[in-house]
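Here's the structure, in structure tokens; my notes come after.
The values are calculated or read from the model by the stated rules, or taken from the named source; none is laboratory data. This one's a predicted model, so the numbers in the text were calculated from it and none came from an experiment. We place every Cβ from the backbone using ideal geometry, glycine too, and count neighbours over all the protein chains shown.
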Amino acid sequence: MAKLTIINQQYPPEVASTGQIFRVMAEYLQSHGFDVTVATGTPYYPGMQGKAPRRERMGGVTVRRLWNTTFSKKSFFGKLMNLASFELSLFFYCIFRIPRDATVLVATAPPMAVFCAAVGRFFRRYRVVMTVQDLYPDVLAASGMSRKDKLSYRLLEGVMRRSMAACQRVVTISTDMCRHLTEAYGLRDVTLIPNLFPETIHVVDPGEQKSIRGFAGELVVQYSGNFGVAHEYETLLSAAQALADEPGILFQITGAGRNYEKLQSACQAGGLPNVVFEDYAPIDQLEGHLGTADISVVILSEAFRDVLLPSKYYGILASGRGVLLISGCESDIKRDIETEGVGLCFRHGEGEALADALRGLLSSPDELSGMGACARRLYEARYTQETILGAYEKLLKEV
């Protein structure tokens, strides 16, 4: 069997979405002709009980958990130490432990993982395929955490540029990221494979799910997942404010993140009765959770167009729900909406227009169900697990 090492800091029992994505990918590839080892970090998610073993078999896959500190994720210093200690462990693992005849599939979590893999390749001559989920250091500039003229940024960019150039193949998840990697980093062989939604989701009856949750009779507008700096919240807030005195439309905000907290504070200060906030939905309840929505929100700020694409989009399509995109830029999601009829698009600041559209959908259930049917058809045509995993299998066997 061909040896494959997958590198990603997050892996179950960690609950992060990238960990779930690579779990599904690792188990699929293990059953399709690869001997898969996952090099990952020591988990430290909130509320974790006990210690995960350093080495174990999960779903037929060998999991090697490298040492890293496990400070709270609420502390910036703690998160930085966890990241740096994992990268240090990974550096030595790549140099001394990865087999010489292996292929390495390395993700951009953490950002220096590809550097470690590239250095290890110099010594051990294995093959490296990089999959870009979030592009560093570009994400730091887009979020305002760094500037492109800073020395630290330029150094990190130079390291990433040389590390990516050392890879046999680079895979990314959107058309815009492909273009950016070609133009800004000079890469010549970038492969587009859309992101994988790691859970199997069926279309369920929204009426039944809403009755379970106590939302019967409401048009539920759902935002589910990370709500961080890449996700502008003022437009959604403006729409909720415009509809605060009108019955029948409920905003369900589920997840966590910096802008989640800002939106929650603003809604509480304004006493908005039409917005409910919840924690992340448990994975085993995700199908019912997504099925609670009548229509679901995706937000992509223009600064992040070339460096990430919200993976929640694929779960929305799988659940058979229409998409409300709030964005100031072109993207694969917007192109899908315009060509496939899976939702509606609004620019940042168009809260009143969004509110008007929701009023129209409240009285047009056929339009809602039509967008949902188009969404599910698009998912089955382009974005199923079988399609995405098959593309990775083909690429890795070519390498």
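A few points about this structure:
- Being under 17 Å from the mean Cα position of the chain (by Cα) and hydroxyl-bearing (Ser, Thr, Tyr) holds for only one residue in SER238, SER301, and it is SER301.
- Of all residues in the stretch 313-348 being assigned to a strand (DSSP E or B) and touching a residue at least 60 places away in the same chain (Cβ under 8 Å), the one that is surrounded by the fewest Cβ atoms within 10 Å (Cβ to Cβ): PHE346
- The stretch 95-112, residues that are hydrophobic (A, V, I, L, M, F, W, C), modelled with pLDDT of 95 or more and in contact with a strand residue (DSSP E or B) (Cβ under 8 Å, 6 or more places away or on another chain): ILE98, ALA102, VAL104, LEU105, VAL106
- Per the conditions (1) under 24 Å from GLU302 (Cβ atoms); (2) surrounded by 15 or more Cβ atoms within 10 Å (Cβ to Cβ); (3) of a type outside the set (D, E, K, R), the sole criterion not satisfied by CYS167 is (1).
- Residue in the stretch 281-295 that is outside the structural domain of GLU183 (by TED's automatic domain parsing), in a loop (DSSP other than H, G, I, E, B), surrounded by fewer than 16 Cβ atoms within 10 Å (Cβ to Cβ) and at pLDDT below 95 present: yes
- Some residue of the stretch 192-204 being touching a Cys at 6+ places or on another chain (Cβ under 8 Å) and surrounded by fewer than 16 Cβ atoms within 10 Å (Cβ to Cβ): yes
- Filtering the stretch 221-234 to residues that are surrounded by fewer than 22 Cβ atoms within 10 Å (Cβ to Cβ) and either outside the structural domain of GLY351 (by TED's automatic domain parsing) or not in a loop (DSSP other than H, G, I, E, B) (or both) leaves ASN226, GLU234.
- Residue check for PRO273: more than 27 Å from GLY19 (Cβ to Cβ), modelled with pLDDT of 95 or more and part of a loop (DSSP other than H, G, I, E, B): yes
To keep it simple, each residue is scored yes or no on (1) touching a Gly at 6+ places or on another chain (Cβ under 9 Å); (2) of a type in the set (A, V, I, L, M, F, W, C); (3) farther than 24 Å from ALA256 by Cα.
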residue: VAL129; (1), (2), (3): no, yes, yes
residue: LEU135; (1), (2), (3): no, yes, no
residue: LEU156; (1), (2), (3): no, yes, yes
residue: THR172; (1), (2), (3): no, no, yes
residue: THR182; (1), (2), (3): no, no, yes
residue: ARG188; (1), (2), (3): no, no, yes
residue: VAL204; (1), (2), (3): yes, yes, yes
residue: GLY225; (1), (2), (3): yes, no, no
residue: TYR233; (1), (2), (3): no, no, no
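- Residue selected from the stretch 40-88 under the condition in a helix (DSSP H, G or I) and modelled with pLDDT of 90 or more, by the criterion surrounded by the most Cβ atoms within 10 Å (Cβ to Cβ): PHE86
Table: residues versus (1) in contact (Cβ under 8 Å) with a residue 12 or more places away in the chain; (2) under 19 Å from TYR313 (Cα atoms); (3) of a type in the set (A, V, I, L, M).
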site	(1), (2), (3)
GLN252	yes, yes, no
GLN264	yes, no, no
CYS267	yes, no, no
GLY270	yes, no, no
VAL276	yes, no, yes
GLY291	yes, yes, no
VAL298	yes, yes, yes
